[in-house]
Amino acid sequence: MQKGLEDQLGLYQKRIPIFTRSVKGPFRRFKTSVLVLAFAIYFLLPWLPWSRLDAPAQAVLFDLPGRRFLIFGLTVYPQDVIWLALLLFIAAILLFFVTGLVGRAFCGYFCFQTLWTDFFIWIEHKVQGERPARVRLYRQPWNGEKLIKVGGTHAVWLLTSFWTAMSFVAYFAYAPQLVVDFFTGQAAAAAYITVGVLTLSTYAAAGLMREQICTYVCPYGRFQSVMYEAETLAVHYDARRGEAAHGRAVARAGQRTLAERHEKGLGDCVDCGLCVQVCPVGIDIRDGLQYKCISCGLCIDACNTIMDSFNFPRGLIRYDSEKNLAAATPAKPKVQWKSLKTIGYGVALILMSAYLVYSIGTRGSFDRVVNQIRQPLYVVLSNGDIRNRYQVRITNKAGQDQTYLISARGIPAGALDLGNFSEITVKPGHSGLVQASVRLSPAQAAQTRQFELIITPQGKPAEARSEAVRFDSPARHP
Amino acid sequence: MSEQKHQSQTVHTTGHAWDGDLQEYNNPLPAWWVYTFYATVIFAIVYWTIYPSWPFGKGWIGGMSNITYVNSAGETKTHSWNTRALLLADLNQAAAAQKPYFDKVAAMSYEQIAKDPDMNGFILSAGKALFADNCAPCHQAGGQGKVGFFPNLTDDDWLYGGAFDKIHETLMDGRRGHMPAFNEVLAGEQIDQLANYVAKQSGIGHDAAKAAAGDALFHSETAACYYCHGADAKGRKDIGAPNLTDNIWLWADVPAAEGSEGKVAAIRGVIGNGLNKGVMPAWAGRLSPEQIKVLTVYVHELGGGQ
């Protein structure tokens, strides 16, 4: 039933159903903990209240129409897109860093495809029973029992998918209101479309396609394999110990104890097949490291259970490196971090994380952009003076209305002309435009290459920010 | 593997035979392909019912999705779906979104508009778009004009005055700048003297003797320059005669000319040949009163106004 797909040639391979057996062990416990934690955050976070003066009381709210992202006490505006870039960079580097050390840890324990598939398998297990029951159900012809159990499974899957989609949408609108609106037909069309698409895609990806997503669709799984080194820890079957001289063999009378098996030249693997039965991607880890292995560690749990029951030492399947397995005297497996690549990624990770924290920690209460007007770069006035014009855009990132004052440094007093607006009041989250012009005599203009515009929030001189701007004159542009 | 071999050795044919032994392999399309094809057929039928599709008689079958819009003549029209109708409907929407601002523009005075921060933002964006559509072909995108052709709107010199009502007048009724060609009435020597006098007024290198002669000529009835440019050569805004004593040049490309002789020659050219190309079209009737009001404030802000 669970043969590796390589054995099946042909372009249009039908999916071979996988019925995973449940297993107990530290890896299963870890996976379950991650699952519970991730689901708790994902499903409950939109419902966390957070009092705000000027926005809905929702701790995490991506307010797209308002062009702002409310994340607890932080309001992120589109201008802060650098943070997103940093976050993505950090995520990528973290992936490279971890993969080089312990293989596809992200795939096995944290990827949402893995988490949702795991949860869907758990539902299947609860409704249809353990693996043998599910295999029997699959093989038996359609009848009332099969209809109810299979139908029930799919119904619960769809419900889970639906609530997954609802929770996603809840991040983009005030959740309590959105749910009421959704069921009374009042929500925005985008909400219905998103929920529809996500319900179907979650159902298809976690219920129907499962490991095929990892094998055929996901690019990350594929490119992570290039990050493996000989020292990288990965889920490995110790073939030397498992196969010995005459291969694996089932434990029947006369070859049940280690002593008996070693005498006959048999390996420690009792060929129970449990490692294959628990595998969510349907591979046999004993065939060696494979691109389909998501490194979830369930076969380690399964094998250790069997080893314990036979009183064999644990670790026939374990986290180990290719190099260590090939060594004449394998040492205790440990994380090998002392390579230029790993340290380089680590340093990049620390630098970028520090920069992100610094950038968020020191961000001002407003954003400013000063553009010199380039058409024309300068104007010669009737008395020969040179005038440059600038457009100042101030974006208020604070929580309340704020008045800003604009002044200049590096040019004579009175050279800066702000027209009708010597100060400008901007609403929170909005931008205000001011046209500034600077007029210098030809002699001054010839000496002035640049000066500073200073924008000061009224009453908060400490938050003043300056912006260096160019001054162009015919002397520099003959 | 054994099953695979079996498959590749069995020859599936359509069962037909020609010339005794000529057979046709039966290679059915993959199921997913066939079902995708059926899905596209169904999609096409749904599409026909919604959007225009088939030619029919002299017209076509319009489909069920109609677009209603108001055209430029103010008539409400309903048309079967097409991109032009879609654009017009979108333009209706955009106009509706702008209407509150244009209503405000109509209700407020120029000074009020210029001093209101909200309206200032609107003037800067809407004015920029209107300027780009209507004015930029001559005055250039930033209003900087082009020496020898179109006035610079960003400097502090206003041929006809830079107050709101003067700019409004210029926009509504247009302007026509004219200067006679003095080659026909004056000797070359005299034009040279005038050119030197004008150069002197702007502090450009010149021949002092010629300039003195030019001064006399300027104020004489022979050349009669002062009729338009004024006895002090500072121009007359009521007829748009430019100030000859400042550093701003519209017709003679003095800033680009090399050396003082070149600059004088440029001035000489304008005096000798005159000009009648200073035409600004009238915009009343082409643009709505609110649009002209927006442009008035926008142009006023470009050069700082008066």
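The values are calculated or read from the model by the stated rules, or taken from the named source; none is laboratory data. Because the structure is predicted, anything quoted here is derived from the model rather than measured. Using ideal geometry, Cβ is built from the backbone for each residue, glycine included, and neighbour counts are taken over all protein chains shown.
Residue A:386 meets all of the listed conditions (1) at pLDDT below 90; (2) within 14 Å of chain B (Cβ to nearest Cβ); (3) surrounded by 17 or more Cβ atoms within 10 Å (Cβ to Cβ); (4) out of contact with any Asp or Glu (no Cβ under 7 Å at 6 or more places or on another chain) but one, namely (1).
Can you name every residue in region B:110-141 that is assigned to a loop (DSSP other than H, G, I, E, B) and more than 10 Å from chain A (Cβ to nearest Cβ)? B:135 - this is the single residue of region B:110-141 that is assigned to a loop (DSSP other than H, G, I, E, B) and more than 10 Å from chain A (Cβ to nearest Cβ). Going by the conditions given, is residue B:179 at pLDDT 90 or above and either touching a Leu at 6+ places or on another chain (Cβ under 7 Å) or surrounded by 21 or more Cβ atoms within 10 Å (Cβ to Cβ) (or both)? Against the criterion (at pLDDT 90 or above and either touching a Leu at 6+ places or on another chain (Cβ under 7 Å) or surrounded by 21 or more Cβ atoms within 10 Å (Cβ to Cβ) (or both)), residue B:179 qualifies. Residue count for region A:248-261 satisfying the condition of being surrounded by 13 or more Cβ atoms within 10 Å (Cβ to Cβ) and closer than 19 Å to residue A:286 by Cβ: 6. For region A:164-190, a residue qualifies if it is over 20 Å from the mean Cα position of the chain (by Cα) and either surrounded by 13 or more Cβ atoms within 10 Å (Cβ to Cβ) or in contact (Cβ under 8 Å) with a residue 40 or more places away in the chain (or both), and the qualifying residues are A:173, A:174, A:175, A:176, A:177, A:178, A:179, A:181, A:182, A:187, A:188. Does residue A:429 satisfy the criteria of being surrounded by fewer than 21 Cβ atoms within 10 Å (Cβ to Cβ), on the phi > 0 side of the Ramachandran plot and either within 11 Å of another protein chain (Cβ to nearest Cβ) or not charged (D, E, K, R) (or both)? So residue A:429 passes the test.
Per this entry, residue A:370 is not counted among residues that are out of contact with any strand residue (DSSP E or B) (no Cβ under 9 Å at 6 or more places or on another chain), away from chain B (no Cβ under 14 Å) and on the phi < 0 side of the Ramachandran plot. Restricting attention to region A:301-317, the residues being out of contact with any Leu (no Cβ under 9 Å at 6 or more places or on another chain) and buried (at least 19 other Cβ atoms within 10 Å of the Cβ) number 3. For residue A:225, the conditions (1) out of contact with any Phe, Trp or Tyr (no Cβ under 7 Å at 6 or more places or on another chain); (2) modelled with pLDDT under 95 are fulfilled apart from (1). For region A:205-214, filtering for residues that are at pLDDT 95 or above and farther than 11 Å from residue A:116 by Cβ leaves 0.
Residue-by-condition table, conditions (1) more than 13 Å from chain A (Cβ to nearest Cβ); (2) of a type in the set (A, V, I, L, M, F, W, C):
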| site | (1), (2) |
| --- | --- |
| B:224 | yes, yes |
| B:231 | yes, yes |
| B:234 | no, no |
| B:246 | no, no |
| B:252 | yes, yes |
| B:258 | no, no |
| B:271 | yes, yes |
| B:276 | yes, no |
| B:282 | yes, yes |
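What do you reckon, is residue B:199 surrounded by 19 or more Cβ atoms within 10 Å (Cβ to Cβ) and within 14 Å of another protein chain (Cβ to nearest Cβ)? Spelling it out, it is not the case that residue B:199 is surrounded by 19 or more Cβ atoms within 10 Å (Cβ to Cβ) and within 14 Å of another protein chain (Cβ to nearest Cβ). Residues in region A:432-473 that are of a type in the set (Ser, Thr, Tyr) and in a loop (DSSP other than H, G, I, E, B) were compared, and the one that is farthest from the other protein chains (Cβ to nearest Cβ) is A:448.
Does residue A:343 count as away from chain B (no Cβ under 14 Å), surrounded by fewer than 15 Cβ atoms within 10 Å (Cβ to Cβ) and not aromatic (Phe, Trp, Tyr)? The answer is yes for residue A:343.
Report the residue count in region B:253-289 for those that are of a type in the set (Asp, Glu) and surrounded by fewer than 18 Cβ atoms within 10 Å (Cβ to Cβ). Can you show your working first?
Of the residues in region B:253-289, the ones of a type in the set (Asp, Glu) are B:253, B:258, B:261.
Checking the rest, the ones that are also surrounded by fewer than 18 Cβ atoms within 10 Å (Cβ to Cβ) come to B:258, B:261.
Selection size over region B:253-289: 2.
Within region B:213-220, does at least one residue satisfy the condition of being touching a strand residue (DSSP E or B) at 6+ places or on another chain (Cβ under 7 Å), buried (at least 16 other Cβ atoms within 10 Å of the Cβ), more than 14 Å from chain A (Cβ to nearest Cβ) and modelled with pLDDT of 90 or more? Within region B:213-220, none of the residues are touching a strand residue (DSSP E or B) at 6+ places or on another chain (Cβ under 7 Å), buried (at least 16 other Cβ atoms within 10 Å of the Cβ), more than 14 Å from chain A (Cβ to nearest Cβ) and modelled with pLDDT of 90 or more. Restricting attention to region A:391-411 and to residues that are surrounded by fewer than 14 Cβ atoms within 10 Å (Cβ to Cβ) and not acidic (Asp, Glu), the residue that is farthest from residue A:363 (Cα to Cα) turns out to be A:409. Residue A:403 meets each of the listed conditions (1) of a type outside the set (Asp, Glu); (2) within 14 Å of another protein chain (Cβ to nearest Cβ); (3) under 21 Å from residue B:125 (Cβ atoms) apart from (3). Under the condition of being loosely packed, with under 14 Cβ neighbours inside 10 Å and of a type in the set (S, T, N, Q), the residues counted in region A:346-359 number 1. Among the residues making up region B:152-174, those that are more than 12 Å from chain A (Cβ to nearest Cβ) and either assigned to a loop (DSSP other than H, G, I, E, B) or touching a helix residue (DSSP H, G or I) at 6+ places or on another chain (Cβ under 9 Å) (or both) are B:160, B:161, B:163, B:164, B:165, B:167, B:168, B:170, B:171, B:172, B:174. When B:265, B:233 are checked against the criterion of being more than 30 Å from the chain's Cα centre (by Cα), in a loop (DSSP other than H, G, I, E, B) and in contact (Cβ under 8 Å) with a residue 24 or more places away in the chain, B:233 stands alone in meeting it. For region B:267-290, the criterion of being out of contact with any Cys (no Cβ under 7 Å at 6 or more places or on another chain), among the acidic types (Asp, Glu) and within 30 Å of residue B:122 (Cβ to Cβ) is satisfied by at least one residue. Summed over region A:142-180, the residues that are in a helix (DSSP H, G or I) and more than 28 Å from residue A:47 (Cα to Cα) give a count of 9.
Here is the figure for region A:387-419: residues that are touching a residue at least 60 places away in the same chain (Cβ under 8 Å) and more than 19 Å from residue B:301 (Cβ to Cβ) total 5.
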